[in-house]
Amino acid sequence: MRKILYVVVSMILLSCNGIKSIKSAFIKKSPYEHYVQRLENAQLDKTVLASSWIDAGKRALQDSITISLPFTEGGSFQAGIPEARSYSFAARDGQVLQVSAKIKSAQSAAMFVDLFARTDTTWTALAHGDSTLQLSYEFEKDQQCLIRIQPELLVNTYYTITITMTPVLVNPVQGASNKSIGSFYGDARDGGKRKHESVDIFAPKGTPVVAPTAGRITRVGTSTLGGKVVWMQDGKRGNSYYFAHLDEQLVKPGVNVKQGDTLGLVGNTGNAKYTPSHLHFGIYQTKSKDPIHYILTMDKLDNPSPLDTAFNFQPYRVIQKNALLRVGPDVKQGVREKLSKDTYVRVLAQTKTWYRVALPDNRQGFLPKSIGSTDKGRLIRLKSDATLLSESKDDAAPLEHLQKSSTVEILARFKNFDFVKTKAGQTGWIMAL
């Protein structure tokens, strides 16, 4: 039946070409939406498998994993289990999201990559990946965001995904790093009478100050507080950039500059004459903005997850008492649930020393790789007849009738059910013994 449905899906659904620019994502349906619409037009959404696939996409928006960036994960999707994966994270004004995914599947299937932002109590679509599974998005305000990935129906798919953030601007002090930033937006000034509306980037006197992006010089002058200053307009974003305490100004008003062009030299003019040389860098629109995420870089990933076609799903059981299922792959992440010893988990993906796992009720989380086992279970003889079920539910589909005195191997358990393997190698669930 599954093969028949696959043929029908393949014949009816045209390939979903990714939109090649982020801008077009706002005026056209995403590849994911086109795919769902084709399912509906062909009335395939009424089938159990297709409706489960649609539900999995919706469920991923409600049961999201929380991650810290940069992040990388490698895993796989099984053809017979419609699923989606999601990743929730905080985005900041001045950051650019970069998502890169790779897949391998026998049928050269499509994978959908979609970006959402939290609006009140719902997720609103912002953008989607292109045909090469790349996505780039620039944030203009702080937002809680979510990435969802989901392959099309009925294909075994191996994947790797990398999610990072880069700053919109380059650091305006040549050769400076995050460690060069020594004073931050909102710090008290003049004994608390005012607040610092910029960041200070420390460097030796005479270090070049460069244009953080393309723009136009609007003012070159002096002031009591800023000393020698330069103002630059970013026409693309509507920002005005303020460079103060310069030792020397090397541009004139009205000049168009490219990213990296020299504007002046670091100094300590104005009210900074008794402090080490630094650049006072500010960003303004109708009011001041915190520049930190516009220039703050992230650490590079040491070992991005490989595309591992040897990775496969395995039923694991927890071998530790009260194992903590976390919402993200870090001991600092919140605890989703305490799992008792022998609890069944299905490994979906891996990132560093953590497994992403799913419980039988489809909730997902992370466990350290060290607390799961695939070792043989415990052999028992049934004391009464039993029905082998496809899921750990009372109303699950029956797979086999097991007679009294049959021998089964208990591999794991979940709530009131045991996950077992029969002598013939069939796995399934029976009521806990």
I'm told K421 meets every condition in (1) of a type outside the set (A, V, I, L, M); (2) surrounded by 21 or more Cβ atoms within 10 Å (Cβ to Cβ); (3) part of a strand (DSSP E or B) except one. Can you identify the failing condition by its number? (2)
Of the numbered conditions (1) assigned by TED's automatic domain parsing to the domain that holds N416; (2) crowded, with 20+ Cβ neighbours inside 10 Å; (3) not β-branched (V, I, T), D385 satisfies every one except a single condition; which is it? (2)
Give just the number: which of (1) under 17 Å from G94 (Cα atoms); (2) at pLDDT below 95 does L225 not satisfy? (1)
Kindly provide the set of residues from the range 369-402 that are assigned to a strand (DSSP E or B), among the hydroxyl-bearing types (S, T, Y) and under 17 Å from T343 (Cα atoms), ordered by number. S373
Determine whether the range 141-148 contains at least one residue that is in contact with a Phe, Trp or Tyr (Cβ under 9 Å, 6 or more places away or on another chain), more than 30 Å from H196 (Cα to Cα) and of a type in the set (A, V, I, L, M, F, W, C). yes
Taking strands (runs of 3 or more DSSP E) that do not extend beyond the range 92-190, which have at least 2 residues that are in contact with a Lys or Arg (Cβ under 7 Å, 6 or more places away or on another chain) and not charged (D, E, K, R)? 143-151, 157-167
Just need a number here: residues in the range 217-240 that are touching a helix residue (DSSP H, G or I) at 6+ places or on another chain (Cβ under 9 Å), part of a strand (DSSP E or B) and within 19 Å of G270 (Cβ to Cβ). 5
Given the conditions (1) surrounded by fewer than 14 Cβ atoms within 10 Å (Cβ to Cβ); (2) under 18 Å from Q285 (Cα atoms), report the number of the one that G254 does not fulfil. (2)
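Quick check on R38: is it over 22 Å from R336 (Cα atoms), at pLDDT 90 or above and of a type outside the set (A, V, I, L, M, F, W, C)?
On the way: over 22 Å from R336 (Cα atoms): yes; at pLDDT 90 or above: yes; of a type outside the set (A, V, I, L, M, F, W, C): yes.
Considered against the rule, which asks whether it is over 22 Å from R336 (Cα atoms), at pLDDT 90 or above and of a type outside the set (A, V, I, L, M, F, W, C), R38 comes out as yes.
Limited to the range 326-361, what total is found for residues that are among the acidic types (D, E) and within 21 Å of the chain's Cα centre (by Cα)?
First pass over the range 326-361, keeping only residues among the acidic types (D, E): 330, 337, 342, 361.
Narrowing the set further to residues that are within 21 Å of the chain's Cα centre (by Cα) leaves 330.
Total satisfying the criteria: 1.
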Taking the criterion of being in contact with a Leu (Cβ under 9 Å, 6 or more places away or on another chain) and part of a strand (DSSP E or B), would at least one residue in the range 57-68 satisfy it? no
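Which one of these is among the polar types (S, T, N, Q), within 30 Å of V168 (Cβ to Cβ) and surrounded by fewer than 22 Cβ atoms within 10 Å (Cβ to Cβ): S68, S86?
Working: S86 fails: surrounded by fewer than 22 Cβ atoms within 10 Å (Cβ to Cβ).
Answer to the selection: S68.
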For the condition out of contact with any Gly (no Cβ under 6 Å at 6 or more places or on another chain), free of Cβ contacts under 8 Å to residues at least 40 places away in the same chain and exposed (fewer than 15 other Cβ atoms within 10 Å of the Cβ), what is the one hit in T374, T353? T353
Checking F243 against (1) within 32 Å of the chain's Cα centre (by Cα); (2) at negative phi, which test does it fail? (1)
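The values are calculated or read from the model by the stated rules, or taken from the named source; none is laboratory data. Just so we're clear, the structure is a prediction, and the values are computed from it rather than from any experiment. Positions of Cβ are backbone-derived with ideal geometry, glycine not excepted, and every protein chain shown enters the neighbour counts.
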